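Before any comments, here is the structure.
The values are calculated or read from the model by the stated rules, or taken from the named source; none is laboratory data. Predicted, not measured: the structure shown is a model, and the values here were computed from it. Positions of Cβ are backbone-derived with ideal geometry, glycine not excepted, and every protein chain shown enters the neighbour counts. Ligands, DNA and RNA are stripped out before the accessible areas are found, and what is left, the full protein with its side chains, is counted by its heavy atoms. Shrake-Rupley method; radii C 1.70, N 1.55, O 1.52, S 1.80 Å.
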Amino acid sequence: MNEITVFDKTFIPFLDEATIQAKIKELAQQINNEYEGKKPLFLAILNGSFMFAAGLFKNVFIEAEICFIKLASYKGTQSTGHVITSIGLDSNVTNRDIIILEDIVDTGKTLHTFLPQLVNQQPASLKIATLLHKPEATVYPLTIDYCCFSIPNKFVLGYGLDYDGFGRNTKDIYQLKID
Ligand code: 5GP
């Protein structure tokens, strides 16, 4: 893995493909065991989670559905603290076992704002699965049920995560290089 540059920023290798894939498979296996016979509905939060969702979903071998939802709360390398409402939630959530798929939980604001909308629809259960979590950045505490990697509070990119729209298309994850 080499450094990569996106716009004005340099990113250094952080998590390689094999490490990411191994953790995602482990999580899928755990979900296969815990949700057997339950037909969970995965709600993947776009855009950042699309690679995580694909990596996980192809290793889920129980009956399951997936729906992609768009929310947005981020511009550049700092949270704007502004959350746009969801689009694309066309499945009925009531009485379903819901597993939210996030690329990264940073301040927690996105999910903190979105969860009440789901709870109102009375799912049978509601869990959060995230590829990455920055515990030090927490402003809105959340119960994260499944987390592949807890990481330091530094900006990361790749495997679906962007910097102003670019840099999503890598198999590895990179961290912002601070000079
Ligand atoms: P939160 O609402 O938890 O503060 O932020 C969640 C969203 O912010 C994530 O879904 C992601 O889109 C974006 N985000 C937070 N931290 C990072 C980061 O380090 N890198 C990238 N590329 N996006 C991030």
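Of the residues TYR140, TYR163, only one is at pLDDT below 95 and near the ligand (Cβ under 8 Å from one of its atoms); which?
TYR140
How about region 17-49: which of its residues are part of a loop (DSSP other than H, G, I, E, B) and farther than 21 Å from GLY165 by Cα?
Across region 17-49, the qualifying residues are TYR35, GLU36, GLY37, LYS38, LYS39, PRO40.
Tally the residues that are touching a strand residue (DSSP E or B) at 6+ places or on another chain (Cβ under 7 Å), among the small types (Gly, Ala, Ser) and farther than 21 Å from ALA28 by Cβ, restricting the search to region 138-179.
1
Listed here are the residues, each with its yes/no results for (1) β-branched (Val, Ile, Thr); (2) out of contact with any Leu (no Cβ under 6 Å at 6 or more places or on another chain).
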residue: THR113; (1), (2): yes, yes
residue: PRO135; (1), (2): no, yes
residue: ASP145; (1), (2): no, yes
residue: VAL156; (1), (2): yes, yes
residue: LEU161; (1), (2): no, yes
residue: ASP164; (1), (2): no, yes
residue: ILE173; (1), (2): yes, no
residue: LEU176; (1), (2): no, yes
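Going by what's in this entry, would PHE149 be described as open to solvent by less than 30 Å² (accessible area, probe 1.4 Å), aromatic (Phe, Trp, Tyr) and either modelled with pLDDT of 95 or more or more than 23 Å from ASP164 (Cα to Cα) (or both)?
Values: open to solvent by less than 30 Å² (accessible area, probe 1.4 Å): yes; aromatic (Phe, Trp, Tyr): yes; either modelled with pLDDT of 95 or more or more than 23 Å from ASP164 (Cα to Cα) (or both): yes.
Taking the combined requirement at face value, the residue satisfies it.
Got a sec? Which strands (runs of 3 or more DSSP E) wholly within region 78-179 have at least 3 residues that are charged (D, E, K, R)?
Those strands (runs of 3 or more DSSP E) span 97-105.
Could you figure out which of (1) farther than 19 Å from LYS134 by Cα; (2) open to solvent by 30 Å² or more (accessible area, probe 1.4 Å); (3) at pLDDT below 95; (4) not in a loop (DSSP other than H, G, I, E, B) isn't true of ALA54?
(3)
On the given criteria, is GLN122 at positive phi, away from the ligand (no atom under 13 Å from the Cβ) and open to solvent by 70 Å² or more (accessible area, probe 1.4 Å)?
Working: at positive phi: yes; away from the ligand (no atom under 13 Å from the Cβ): yes; open to solvent by 70 Å² or more (accessible area, probe 1.4 Å): yes.
The answer is yes for GLN122.
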